[in-house]
Amino acid sequence: MVPGMEDSPRQIIGVVADVRDAKLDLEPTMYVPVAQVPDGLNARNNRLQPITWVVRTAGALPLVTAAIQQELHRVSTGLPVERVRTMHEVVAASSARTEFYMMLLIVFAGIALLLAAVGLYGLMAYSVRQRTREIGIRMALGASPDDVRSMVVWQGMRLALLGILIGIPTALALSRVTVSVIFGIKTWDPEVLAIVALLLGGVALVAAYVPSLRATRVKPADALRW
């Protein structure tokens, strides 16, 4: 063992919440007070790891940056000083990967929502076309346009509700994966799930309502001749 590098056994005295003092995606680590670290380890750490200073100021950034660099250069007897960054820049650099993942998720979610709306609309339009004779017979027997519209809309909404019932458990299962990739995501967020379910339901309602309008314009005599 190198002299001055000996480290005695330690006892864990407490567990606290994550302290993200460097970046957002740090793994859990052990905090040891500097006073309890051997001098040799402290000297090595000081050579390997830079010292970070946090300065609070309300002045203009260019003027403050020059003054900070000059003062640190004087106090450190000429040691090199890295570029002074604002806290906004530090947080932005740490969350860049998370923001990129979020942007990808938003783009893919938008594409999935668009495909779902187009697919449901196409399915309902095809179903209305295939059931033209049935709709004509129903209207000939006394069904009102509201009855026909309700029948078509309910058929589309049943598919949407089935997709929501299957999608929510799937989203809860996959949330454990996204939590490990994106900082700040909860495994259980009922508000987000409710908003997404309402959004999908609204899109499905519109996608099913448009073909239902076409179904109400079916003429019984034309449908029976078809």
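Any read-out appearing in this document is the output of simple, stated calculations on the displayed coordinates, not a laboratory observation. Everything numeric in this text was worked out from a predicted model, so none of it was measured. Positions of Cβ are backbone-derived with ideal geometry, glycine not excepted, and every protein chain shown enters the neighbour counts.
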field: Dipole magnitude of segment 96-167, debye to nearest 20 (Cβ charges: Lys/Arg +1, Asp/Glu -1, about Cα centre)
entry: 200 debye
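For segment 84-131, what value does the Rg/Rh ratio take when both radii are computed over Cα atoms and Rh is the Kirkwood radius, given to two decimals?
1.48
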- prompt: What full-extension length gain, to one decimal in nm, is calculated for Ile111 and Ile68 as 0.36 nm per residue of separation minus the Cα-Cα distance?
  reply: 10.7 nm
- prompt: Between Met30 and Leu104, what length in nm is gained on full extension when 0.36 nm per residue of separation is reduced by their alpha carbon distance?
  reply: 23.3 nm
statement: FRET efficiency for Leu165 and Lys219 from the Cβ-Cβ distance with R0 = 45 Å, rounded to 0.05, comes out at 0.75
message: As I understand it, the dipole of segment 37-123 uses +1 on the Cβ of Lys and Arg and -1 on the Cβ of Asp and Glu, about the Cα centre. Which of Leu120, Gln70, Val55 lies farthest toward its positive end?
response: Gln70
query: What is the dipole size for segment 28-154, taken about its Cα centre, with +1 at each Lys and Arg Cβ and -1 at each Asp and Glu Cβ, in debye to the nearest 20?
result: 240 debye
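For the pair Asp39 and Ile13, what calculated FRET efficiency results from E = 1/(1 + (r/R0)^6), where r is the Cβ-Cβ distance and R0 = 25 Å, to the nearest 0.05?
That gives a FRET efficiency of 0.65.
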task: Can you check what the net charge comes to around Ala143, using other residues whose Cβ is under 15 Å from the Cβ of Ala143 (Lys, Arg +1; Asp, Glu -1)?
output: +3
